[in-house]
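Heads up, the thing below is written out as structure tokens.
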Number of protein chains: 2
Amino acid sequence: MEVGEPDFAPPKIVGTALSEACSKGYTRYGRARGRQEVLDALARHVSEKFHPTPQENVMVSPGARFAIYSAITTLLSPGDEIIIIEPAWPAYRECALNSGIKIRAIATTLEDRWEPDPGRIEDVTSPNTKMIILNYPNNPTGKILPEKLQDDIVEIAVKNNLYILSDEIYSTYSKNWKSILSYEYQNSIITQSFSKSHAMTGLRIGYAIAHNKIIDRISKLAALCLTSISEPIQYAAMKALEADTSEFADTMQRRLDVMSREAGRIGLEFASPDGAMYLFARTGIDGARLADEALRHGLAVAPGEGFGRYGDYIRISACQNEKTLIDGMNILSGLIGEYR
Amino acid sequence: MEVGEPDFAPPKIVGTALSEACSKGYTRYGRARGRQEVLDALARHVSEKFHPTPQENVMVSPGARFAIYSAITTLLSPGDEIIIIEPAWPAYRECALNSGIKIRAIATTLEDRWEPDPGRIEDVTSPNTKMIILNYPNNPTGKILPEKLQDDIVEIAVKNNLYILSDEIYSTYSKNWKSILSYEYQNSIITQSFSKSHAMTGLRIGYAIAHNKIIDRISKLAALCLTSISEPIQYAAMKALEADTSEFADTMQRRLDVMSREAGRIGLEFASPDGAMYLFARTGIDGARLADEALRHGLAVAPGEGFGRYGDYIRISACQNEKTLIDGMNILSGLIGEYR
């Protein structure tokens, strides 16, 4: 219950697509931004599902992580500042620090239902601030921002000419959520992935959506370090778009409900997740210590400190069946009882 | 006849492996350096073919290019110097410049049979010099260094504690060639790929061999920007090792012989390639202009200026069948005749 990796198998069509890839000619060098028909298919998918998007605003990426790394590395310069709303997936911070970018962290709290204060965002924004990272539905809290609050944050970003890097990879598991694409802001970069939506973590395939000029800049780094993106995997992703994965979303929602119920039962403090596939809970015990102890009892959870200054939190992943989740919560309950 | 991409199809076993990958469980996140059984298989392959190598000295990479990018980016710091022997694949220079590394280029000449003068290498080596790149069999010249000269260059690198980054991806098409692995130098990094050896360019899979401490450093960047390497593609590469690709090498050698014969016939100046899959020829005409003109006549070649200060050279790739190669050389002959 530690890793953010669904226990689902990829849709059957993915296996079929991989078996066809060589005979369909998906074995050659291509453009770094992706094969044309794959970009066309992705643009159609994004247009239907999120917001009308032309294919020239799409690029393929070996996982959303590479798109995030590339966007931070190529759009910003050493000394620039980036706003990260915490708790946050540690990769944003790591990619920024690797490129000499300074972090302006905005800590949110359980008491504020994980909602950042727009005033705080304005306060930390200086002429050196060049980007804000949004990740809703959120890892680790499952939070989806109220629409008005999201509108306000986008307005601040637009006013200060910040790039918005919006990591939306948990959107398929969520309702009542509005893509940053819908603001039609020319300095936004949206990252998406097949990892969670199609249980294709190990295939390493995702995509980014941004203005063509931004895609041009980002994809230069892909050309430099990757030449192009694995063609059989691009083909498998294109075919995966035809699969109905609504069952994944339904299952994940049921599991989150079970986890919330169990977490309440054993006395954890948390906000019920609006989406994504995690529960971020305060236990009153040092999260690293609790995670170590849990591991000795056969349960893996992620300590909160990985996501910011959340030492007495843990992230519990709903990527297991309901029985395993309940068993895990019982182990946790026993451990917490011992500590108290 | 421009791109370095064999016209062969990947071995049949690659298609079979891709069709099996999902059912064999190659769909999950893994270690950035690669799946254990893939590393084991690669280590056995390298040990049999080049030099005894333990699995902990091997890492998988999405193409050799990413291993080269990672090695340059993670082992060197801005302001460090790197020695590149020209003519050279432009990616070395581009990766170095992208990381703020200074280039110390050593130009070799056709008159010297593309052999660098060890004295020149010593001359350009300063305390800031941290790496030398070797690429034999060479792109674009097809050169393989005489063993004594290679020994001397390695000795200079060892004496000055330079990393040796040896790009050996053309080795499968070549005889009378000695891997840098055989020197057992702890600061060497060897990059290999399935692109040329197994006609798997579009699958994007290669590997690096280096001391475990170096692999640790390099694979941290892979973890940061890729999480891990596509699992179905790792599986396909592991299976591809079982294929007999000696026919590729024989075919490429026949084509190089045909190209050399034709190039001699039409009066180009060149050194017959010892290996790889290119012919680098002086035409006495500006290479960019000649390449443009050739393209209008249906022939693509790469201008020499991409490989260093070789403005009146072109690189001709042997990645086509013999008839196409002969037709291409005839087009070239006609164009050169017009210019003279």
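The values are calculated or read from the model by the stated rules, or taken from the named source; none is laboratory data. Quick caveat: nothing in here was measured; it's all calculated off a predicted structure. So basically every Cβ, Gly included, is an ideal-geometry build from the backbone, and we count neighbours across all protein chains shown. For accessibility, only protein heavy atoms count, side chains too; no ligands or nucleic acids. Shrake-Rupley method; radii C 1.70, N 1.55, O 1.52, S 1.80 Å.
Observations on the model:
- Of the candidates A:I83, A:I68, A:I72, the single residue that is open to solvent by less than 20 Å² (accessible area, probe 1.4 Å) and away from every other protein chain (no Cβ under 14 Å) is A:I83.
- B:K49 vs. criteria of a type in the set (K, R) and either within 18 Å of A:C22 (Cβ to Cβ) or open to solvent by less than 20 Å² (accessible area, probe 1.4 Å) (or both): no
- Taking residues in the range A:130-149 that are closer than 16 Å to A:N187 by Cα, and partners anywhere that are among the β-branched types (V, I, T), the pairs with Cβ atoms closer than 6 Å and at least 6 places apart or on different chains are A:M131/A:I82; A:I132/A:I83; A:I132/A:I164; A:I133/A:I84.
- Breaking point among (1) open to solvent by less than 40 Å² (accessible area, probe 1.4 Å); (2) farther than 30 Å from B:S193 by Cα, for B:D286: (1)
- Of all residue pairs spaced 6 or more apart or on separate chains, those with beta-carbon atoms under 8 Å, a first member in the range A:24-50 that is more than 14 Å from every other protein chain (Cβ to nearest Cβ) and a second member that is outside any helix (DSSP H, G or I) and among the aromatic types (F, W, Y) are A:L42/A:Y207.
- Test result for B:A96, closer than 21 Å to B:F307 by Cβ and in a helix (DSSP H, G or I): yes
- Residue satisfying condition, being open to solvent by 40 Å² or more (accessible area, probe 1.4 Å), within 30 Å of A:K12 (Cβ to Cβ) and of a type outside the set (F, W, Y), within set A:K159, A:K175, A:K196: A:K175
- Condition check for B:A236: under 20 Å from the mean Cα position of the chain (by Cα), within 14 Å of chain A (Cβ to nearest Cβ) and touching a residue at least 60 places away in the same chain (Cβ under 8 Å): no
- Each residue in the range B:203-217 was checked for being facing chain A (nearest Cβ under 10 Å) and either free of Cβ contacts under 8 Å to residues at least 40 places away in the same chain or among the β-branched types (V, I, T) (or both), and 1 pass.
- Set B:R104, B:R113, B:R93, B:R120: member being closer than 22 Å to B:W177 by Cα, open to solvent by 60 Å² or more (accessible area, probe 1.4 Å) and of a type outside the set (V, I, T): B:R113
- Tallying residues that are open to solvent by 30 Å² or more (accessible area, probe 1.4 Å), closer than 17 Å to A:A243 by Cβ and facing another protein chain (nearest Cβ under 10 Å) within the range A:9-23 yields 5.
- Whichever residue in the range A:236-258 is open to solvent by less than 10 Å² (accessible area, probe 1.4 Å) and modelled with pLDDT of 95 or more and, among such residues, is nearest to A:T73 (Cα to Cα): A:A237
- Residue satisfying condition, being in contact (Cβ under 8 Å) with a residue 40 or more places away in the chain, hydrophobic (A, V, I, L, M, F, W, C) and touching a helix residue (DSSP H, G or I) at 6+ places or on another chain (Cβ under 7 Å), within set A:A271, A:A281, A:A276, A:A288: A:A276
- Hey, A:K220 closer than 24 Å to B:A91 by Cβ, open to solvent by 30 Å² or more (accessible area, probe 1.4 Å) and either of a type outside the set (S, T, Y) or more than 14 Å from chain B (Cβ to nearest Cβ) (or both) or not: yes
- Some residue of the range A:54-63 being crowded, with 20+ Cβ neighbours inside 10 Å, within 9 Å of another protein chain (Cβ to nearest Cβ) and in contact with a Ser or Thr (Cβ under 8 Å, 6 or more places away or on another chain): yes
- Residue check, A:L279 farther than 29 Å from A:A67 by Cβ, buried (at least 23 other Cβ atoms within 10 Å of the Cβ) and not small (G, A, S): no
- A:Y278 vs. criteria of a type in the set (F, W, Y) and over 21 Å from the mean Cα position of the chain (by Cα): no
- Selection of the range A:24-46 for residues being open to solvent by less than 50 Å² (accessible area, probe 1.4 Å) and of a type in the set (F, W, Y) yields only A:Y26.
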